[in-house]
1. Among the aspartates and glutamates, select those whose C-alpha is under 14 Å from the C-alpha of Lys356, and discard any that sit fewer than 8 residues away in the same chain.
2. Match the structure shown to one of the listed values (i) 223; (ii) 174; (iii) 195 of volume of the Cα convex hull per residue in Å³, computed from it, and give that label.
3. Tell me the relative contact order for the chain as a rounded percent, counting alpha carbon contacts under 8 Å between residues six or more apart.
4. Given +1 on the Cβ of Lys and Arg, -1 on the Cβ of Asp and Glu, and no further charges, what dipole in debye does the chain carry about its Cα centre, rounded to the nearest 20?
5. Name the GluC sites (Glu not before Pro) in the stretch 87-173 that are in a loop by DSSP and that have at most 14 other C-beta atoms within 10 Å, would you?
6. Which longest run of the chain has no exposed loop site in it, a site being chymotrypsin sites (Phe, Trp or Tyr not before Pro) in a DSSP loop with at most 10 other beta carbons within 10 Å, and the site itself not part of the run?
7. With a cap of 14 neighbouring Cβ atoms within 10 Å, and only residues DSSP puts in a loop, list the trypsin sites (Lys or Arg not before Pro) found in the stretch 35-121.
8. Listing Glu239, Glu603 from the residue with the fewest other Cβ atoms within 10 Å to the one with the most, what is the order?
Amino acid sequence: MTPPDPLPLAGLAIALALLSALVSLATARRPALLRILGMPLLAAAGGAALASGGAALVADGAATAELPLGLPWLPWHLRLDALAGLFLILIGGVTTAVGVYGIGYVRGLEHGRDPLPVLGGFTGLFLAGMLLVVLADDAFVFMIAWETMSLASYFLVAFHHEQPANRRAAFLYLLMAHLSGLAILLGFGVLAAFAGSFDFAALRATALAGPWASLAFALALLGFGLKAGLVPLHAWLPEAHPAAPSHVSALMSAVMLKVAVYGFIRFVFDLLGPPQWQWGVVVLALGSGSALMGILYALVQTDLKRLLAYSSVENLGVIFVALGLALLFLATGHALPGALALVAALYHTLNHALFKGLLFLGAGAILHGTHERDLEQMGGLLRRMPWTGWFFLIGSLSIAALPPFNGFVSEWLTFQVALQAWQLDSGVLRSLIPIVAAVLALTAALVAACFVKAFGTAFLGQARSRHVRRARPTPLSMRIGQGLLALACLALGVLPTGVIALLEPIPRELLGQGVAQATALGWLWLTPVSPAAASYSAPLVLLVLAVLVAVVFWSRQWGAVGRLRRCDPWDCGFAPPSARMQYGATAFAQPLRRVFGLLFRVEETVETLEDGRRRYRLAIADRAWGLLYLPVARAVETAARRVTRLQSGNVRVYLGWTLATLLVLLWLIS
């Protein structure tokens, strides 16, 4: 059976996203339209993108098109190859779940004062921009789509604009998005200056070398790394993602950050030419630093959405570690480990989209049912919201990289690539990679601790507040949206060989090297390097776990354990435990906060009230603000104050400045 043409399906996805935005404009008079028509159209757009990406991955070669849009001498060029197909699958899969989830989520906004046309309209435009970024085949279209994606998401971050913190987060996000776009534009400018064209085919055919190639790489790393939230350019991310509505937060963290990863891979691995080993070292350093710092900052958060946002910094760091390994091995002439590292990065990109989307949807369900984001006020939600609890547990196990869920496979592949450091000739590089692997191992342990804290504090124990004790059940559509992503997390963890076989055309297309040895033993065993070096069977792990669960269930129901008489233990006459006696989120993270205290800016105060009681306050800030952002802000404010001195109110002074400027310009151009 011949697969369908992927480009018309991608065009249909963009059209449905724009139609969703158009329909949303009528929700000012009929708010129910967003739930009845806007969100289903968004889900349909995701389904069309998913089908288009799947068709592109199994197609022979790339599909191209030229549209008579834009400038008369610069039409739009579109191209859908295997790499773009994977990211269409990623965007489409998460968007489908978000569209279904949104049907129930936006119902609670219909009777409020929030502008639904803004929410629905810019969500559709946001999706269309991301799809067009992936399809762009020239720098002109790429930058138009990139700015559309950034501006649309700015209005979504500022949706709850009545809160000053959200307005501040939106402004910071817009500023950083424009800096990102400027750096990317300059990077394309360097390539276009040598190619004489903005078309990706011409850029691809012009191989840069020496300092110009390094300059283009640095600009691309700055632009895409800023959008991806790499440390120390990450400060906007934990501010912006929690401010947006929860289903939009899922799209931003699970999808938009991956569009930045796509842009980096397209620029560096496809357009820039042969890599240099120094690039790999820089990316490894930034990736490992982002992974460790991201999860450390996530650990000390008590706001659930903020915790998940910092966790995205960690996962993007893991992705860039794998990309750094790919650059390092490719630059030193080791194509097979380089291709395997690229596959590991792509696999973790797909995995993070699924489990982070699931976790943000779970946080949105908690917010919908309890109107609460503070972990210190939660507890016992598994009784009130069991479906959300079990889905959140699947997301937590996946992000903690525990088998047989999907996060384990991609991180295990990354470690397998790191173990190939012995193939490198440089002793320095052979020493650097084990250090990075050790940082990743520490990060993995901290991730497990972080999500034990998040799940345990929110869903186990007793409720710590009245409104959490009275949490509302989750609507059906929100449960379905979470369930789709939870099933995908399990499927990608249990059948990794099928996923890698689907990803293999990408390294073949970009690097000329596949990873056929990874699936040489069929669907049961994953052998990334060779069967003699390492192997992993996710189906067997699942089978063993299923047998253990069956044995435990049998022993509890019909075995000796089930026949035991259960009663409350003797508590020495003390009162029964209350919510005040159980560990909170701050207490759980306190030992790790003490160990890594130098990395945070911590302010602890104990205040004595008038009635004799004491109040403990703890504020933990990101050191990046004080070291990087605040000095720049103060410099800009100082410069602005000095510039205002030019506004004397005297017309003769203004004419003098105009004449001086004119003379300087005439001198420069003469």
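Read the figures in this text as sums done on the coordinates, not as results from a lab. Fair warning: this is a prediction, and the values are worked out from it, not measured in the lab. Ideal geometry is used to build each Cβ from the backbone, glycine not excepted, and the neighbour counts take in all protein chains shown.
1. Counting by Cα, and skipping residues close in sequence, Lys356 has these aspartates and glutamates nearby: Glu314.
2. (i)
3. Numbers: 1112 pairs, mean separation 75.1, N = 670.
Rounded, it is 11 percent for the chain.
4. Numbers: 45 positive and 31 negative charges, 475 e Å.
Roughly 2280 debye for the chain.
5. Working: sites: Glu110, Glu147, Glu162; in loops: Glu110, Glu162.
Qualifying residues, ordered by number: Glu162.
6. On the way: sites that count: Trp73, Trp558, Trp570, Phe574.
By the stated rule (loop sites, at most 10 other Cβ atoms within 10 Å), 74-557.
7. On the way: sites: Arg35, Arg79, Arg107, Arg113; in loops: Arg113.
Here the trypsin sites (Lys or Arg not before Pro) that fit, given the DSSP loop and packing criteria, are Arg113.
8. Numbers: Glu239 22, Glu603 10.
Ordered from fewest to most neighbouring Cβ atoms within 10 Å, Glu239, Glu603 come out as Glu603, Glu239.
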